[in-house]
Amino acid sequence: MRRKAYGYTSTTNMHPENLSAMGINEVFEKANKTKYKCHSDNKSLWCNQSVGAKVPPPKNRIHICPNFFERWNEDQQVGTILHEMFHLWSGPDVDYISEKYCWQIDINEEKPENLIKIADQYMLFIWNLDPFRQNELKCF
């Protein structure tokens with residue numbers, strides 16, 4: 001499978017049916033319909049000093065906060081958009097309210113049925129599909 005995103009062409013041996021079962025195809029198909037709201041300060045309803053982006057109820061757009069541009073590098077920005085897209089488009093299967101981030105879990109001790117509910121796991125999975133990436137996206 002070849003997919004072009006963010007200026008890279010990714011070749012992977014993942015079977016389309018596996019990606020479909022994980023909900024990844026659905027997120028990719030809906031990604032171009034994503035709406036964004038950019039906020040001008042960190043004191044809005046959805047932004048504060050620690051938030052870079054958020055998908056608040058009713059889950060109809062990604063809110064981008066100043067921290068997204070001021071504190072995060074390009075790799076973190078790409079990772080954040082991937083993370084938020086899984087909240088927005090993956091339905092109820094990805095935890096939304098009681099969210100865990102990749103830096104809060106030990107993947108060796110977490111049950112697989114819990115790992116597939118974590119948006120950061122999808123973000124890291126997709127990031128690592130690209131064999132031409134020179135850098136590894138770490139939890140942030």
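Figures for the structure shown
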{"read-out": "Residue-count net charge about C102 - beta-carbon cut-off 13 Å; Lys, Arg +1, Asp, Glu -1", "value": "-3"}
{"read-out": "Distance between segment 65-87 and segment 100-140 - C-alpha centres, whole angstrom", "value": "15 Å"}
{"read-out": "Point-to-point label distance, E113-K59, nm (Cα→Cβ direction, 7 Å offset)", "value": "2.0 nm"}
{"read-out": "Residues of type lysines that K117 reaches as a straight line, Cα spacing below 29 Å, ignoring anything fewer than 8 places off in the same chain", "value": "K4, K30, K33, K35, K37, K54, K59, K100, K138"}
{"read-out": "Rule-of-thumb Rg ratio for segment 53-104 [Cα; 2.2 N^0.38 Å; N residues]", "value": "1.14"}
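Any read-out appearing in this document is the output of simple, stated calculations on the displayed coordinates, not a laboratory observation. All values derive from a computational prediction rather than experimental measurement. Glycine also receives a Cβ, built like all others from the backbone with ideal geometry; neighbour counts cover every protein chain displayed.
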